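Trainee: Below you will find the structure I want to go over with you.
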Amino acid sequence: MHGGEIVSDLGQHVTLTVEAVLIGLAVSAPAAIAVRSRPRLAAALLGFSGLLYTIPSLALFSLLGPLTGYTTRTTTEIALVSYTLLILIRNFLVGLDGLSPDVIDAANGMGFSSLRRLVRVEIPLALPAIVAGVRIATVTTIGLVTIAALFGQGGLGILILTGLQQNFHTPVLVGAILSVALAVVADGVLLLAGRLLTPWSRTRVVAR
């Protein structure tokens with residue numbers, strides 16, 4: 001093993017994870033907002049995303065292979081994004097639906113339009129739930145990216161796969177340890193970011 005190769009694999013792992021979570025957010029946010037006041041559509045959306053979440057990862061990669069190629073970046077990202085949708089959509093809905101009606105009435109009384117109320121009031125107040133969803137989705141995706149090595153997309157899974165193929169335990173341990181460390185660091189960074197973005201939530205907890 002060489003340090004440069006390990007750094008490259010780690011960089012690929014981070015890139016695949018960030019892309020998947022950002023795309024998942026870009027899909028989940030408008031979808032959740034669109035169905036939040038339509039219970040049947042919300043249930044259908046959660047049911048569909050839940051179905052995707054239950055498909056075993058190797059099976060999902062294999063199902064996508066004939067459509068988008070077995071060893072393409074597109075297949076990998078579609079699969080990874082699919083596993084973020086249930087978590088992100090559900091947390092968006094939980095955050096938005098948990099807002100106090102008094103807050104909505106106050107914003108309406110100030111003359112806020114629906115869009116301005118959403119951007120200036122609802123989403124900021126729903127951030128704790130949204131950030132919690134992003135944390136879970138990120139940690140889950142970091143674990144799933146290791147499987148991408150089987151489909152030629154790199155990441156820390158390459159170290160694990162190489163070690164298994166060569167019956168050499170060191171790369172397996174390095175890949176596994178770095179994957180866990182990356183998940184811990186990412187979760188910590190997102191937790192800190194969430195606290196910085198929602199200082200009022202800390203004040204409320206202290207006040208209790």
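The values are calculated or read from the model by the stated rules, or taken from the named source; none is laboratory data. Owing to the predicted nature of the structure, the values given are computational and were not obtained by experimental measurement. Every residue, glycine as well, gets a Cβ built from its backbone with ideal geometry; the counts of neighbours run over all protein chains shown.
Trainee: What are the residue pairs meeting all of these: first residue in the stretch 167-189, first residue farther than 15 Å from I147 by Cβ, second residue of a type in the set (D, E, K, R), Cβ atoms under 7 Å, and 6 or more apart or on different chains?
Mentor: D187/R135
Trainee: Residue by residue through the stretch 91-115, note down the ones that are in contact with a helix residue (DSSP H, G or I) (Cβ under 8 Å, 6 or more places away or on another chain), outside any loop (DSSP other than H, G, I, E, B) and either within 20 Å of L45 (Cα to Cα) or among the small types (G, A, S) (or both).
Mentor: Filtering the stretch 91-115 for residues in contact with a helix residue (DSSP H, G or I) (Cβ under 8 Å, 6 or more places away or on another chain) gives 91-96, 98-99, 103-104, 107-108, 112.
Going one step further and asking which of them are outside any loop (DSSP other than H, G, I, E, B), we end up with 91-96, 103-104, 107-108.
Answer for the stretch 91-115, where residues must be in contact with a helix residue (DSSP H, G or I) (Cβ under 8 Å, 6 or more places away or on another chain), outside any loop (DSSP other than H, G, I, E, B) and either within 20 Å of L45 (Cα to Cα) or among the small types (G, A, S) (or both): N91, F92, L93, V94, G95, L96, A107.
Trainee: Give me the pairs, please: first residue somewhere in the stretch 124-144 and closer than 13 Å to R90 by Cα and free of Cβ contacts under 8 Å to residues at least 40 places away in the same chain, second residue anywhere and β-branched (V, I, T) and surrounded by fewer than 20 Cβ atoms within 10 Å (Cβ to Cβ), beta-carbon distance under 6 Å, and either six or more positions apart or on two chains.
Mentor: The qualifying pairs are A129/V94.
Trainee: Anything in the stretch 149-178 that is touching a Ser or Thr at 6+ places or on another chain (Cβ under 6 Å), closer than 17 Å to A20 by Cβ and at pLDDT 85 or above? List them, or say none.
Mentor: L156, G157 - these are the residues of the stretch 149-178 that are touching a Ser or Thr at 6+ places or on another chain (Cβ under 6 Å), closer than 17 Å to A20 by Cβ and at pLDDT 85 or above.
Trainee: Quick check, is Y53 within 17 Å of the chain's Cα centre (by Cα), within 16 Å of L16 (Cα to Cα) and not polar (S, T, N, Q)?
Mentor: Judged against the criteria, Y53 is not a match.
Trainee: List the helices (runs of 4 or more DSSP H) inside the stretch 1-76, counting only whole elements, that have at least 2 residues being polar (S, T, N, Q) and in contact (Cβ under 8 Å) with a residue 60 or more places away in the chain.
Mentor: Values: elements: 3-35, 39-54, 57-68.
Those helices (runs of 4 or more DSSP H) span 3-35.
Trainee: To continue, here is another question. Conditions: (1) within 12 Å of the chain's Cα centre (by Cα); (2) in a loop (DSSP other than H, G, I, E, B). Y83 meets all but one. Number of the miss?
Mentor: All conditions are met except number (2).
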